[in-house]
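No value in this document is a laboratory result; all are computed from the given coordinates. Being a predicted model, the structure only gives us computed values, none of them experimental. Cβ placement follows ideal geometry from the backbone for every residue including glycine, while neighbour counts extend to all protein chains displayed.
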Amino acid sequence: MSQVPSRDRPEAAPPPHSVAAIVVAAGKGLRAGQSVPKQFATWRGKPVLRHSVEALATAGVTPILVMIPEGGEDIARAALAGIAGVRLLVGGETRQVSVRLGLEALAGQPPERVLIHDAARPILPGAVIARLLAALETHPGAIPVLPVVDSLAHAEPGAQGEMMGASARRESLRRVQTPQAFHFPRILAAHRAWEGGPEAGDDAQVAMADGCAVALVEGDDVLHKLTYASDFAPSAPPFRVGSGYDVHRLEEGEELWLCGVKIEHSHGLSGHSDADVAIHALVDALLGAVGAGDIGQHFPPSDAKWKGAASDRFLAHAMSLVADAGYTLGNADVTIICEAPKIGPHRDAMRSRLAQIMGVEEALVSVKATTTEKLGFTGRREGIAAQAAVGLVRL
């Protein structure tokens, strides 16, 4: 057994009873597709194991006994460096054996309570720990669970493969999570008395086999177990934002297009395409939100085929890239900056046209205008500027 070196760090108020933890991290499997056992693989910026151990330390749990695979001390020490109260111990061939070894190691100076947690469940909310410890005030054991929301059925063998058998009542079933919490003497006695073999499903089953009552407390969806390679794939954020800005010069003899609407005016906007400054700003906002560069990269002004092109093509292309990235429009907000023409009379038509091009409801699109109080190039009516902001929502 070895002690992980620690640095000074703020400690949470300790629980009212002495509480230790055993974190099971002795697995050697590479089913999750990582080059190291998954508990040591990097996930969301740090080793999987470190996430839950930090949560336990923050909750005031000490000591935290981490069961590691044989030969895994160096990688475990690196993963947990700086966390106070951590001890390492080589585990056994199965989870039940590892937990038994951990309990016996704590028995020399036994805590009053113990939390037993699987390292493959990295996100451990403090509220779940608090609910478990509260349940131990009136019960010898407690586990976090979640309801089953899908219909369930038994699978039965058939000539052409598995067939649906009898349905199971989901109302009485629960999904079991960890950590599982126990009065220390009670769970130690249960493991010592266990005769069900080394492949015990979890510690609650060991406890119940010894007659220990186990209470159910509310778990949390974030306590899911990392199992497959897909669990380690970079996760797309639930939403993204982007901003865009564009300017075009006003000139006589040019058509004036704003937000895909042609407006009769003494001057129009000059540019390689139709110079729709509002759509160009919106396109840049969409491209920026999905990290796809800017409008000049996709439609370079040096390319003759975009000479005089309608900007609705640019906007439709940007929306296709948004969809390819797995997002849809949450909202779009466009501001046109000019002294003239007046935008108000055209605002509804502009919103409708933008929504049509993007294939979204008009309610998701905002178009507004402002002036610069006759200051700058827009104030002198030399040009029109536009800025846009978008929010994207993951599909």
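What the table below lists for this structure:
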| read-out | value |
| --- | --- |
| The range 290-315 and the range 213-260: distance between their alpha carbon centers, rounded to Å | 23 |
| Normalised alpha carbon radius of gyration of the range 239-394 [divisor 2.2 N^0.38 Å] | 0.98 |
| Relative contact order %, the chain, counting alpha carbon pairs below 8 Å whose residues are six or more apart | 14 |
| Rg/Rh (Cα only; Kirkwood hydrodynamic radius) as it applies to the chain | 1.20 |
| Protection proxy ranking of 218-224, 43-49, 374-380 - average other beta-carbon atoms within 10 Å, highest first | 43-49, 218-224, 374-380 |
| Per-residue HN-Hα couplings for the range 329-342 [Karplus 6.51, -1.76, 1.60; θ = phi - 60°; Hz; x = Gly/Pro] | 6, x, 6, 9, 10, 10, 10, 9, 10, 6, 8, 7, x, 6 |
| Relative contact order (%) - the range 239-394, alpha-carbon pairs under 8 angstrom, separation at least six | 33 |
| Sum of side-chain charges, Pro122 neighbourhood, beta-carbon under 12 Å (Lys, Arg +1; Asp, Glu -1) | +3 |
| Peptides ranked, highest mean first, by Cβ atoms within 10 Å: ranges 358-368, 91-101 | 91-101, 358-368 |
| Taking only Cα atoms of the range 35-88, radius of gyration then Dmax in Å | 10.6, 33 |
| Highest to lowest packing among 144-152, 181-189, scored as the average C-beta count within 10 Å | 181-189, 144-152 |
| Estimated FRET transfer efficiency when R0 is 41 angstrom, pair Lys46-Ser172 (beta carbons, to 0.05) | 0.60 |
| Close Lys-Lys pairs in the chain, where close means Cα under 22 Å and separation is 8 or more or interchain | 12 |
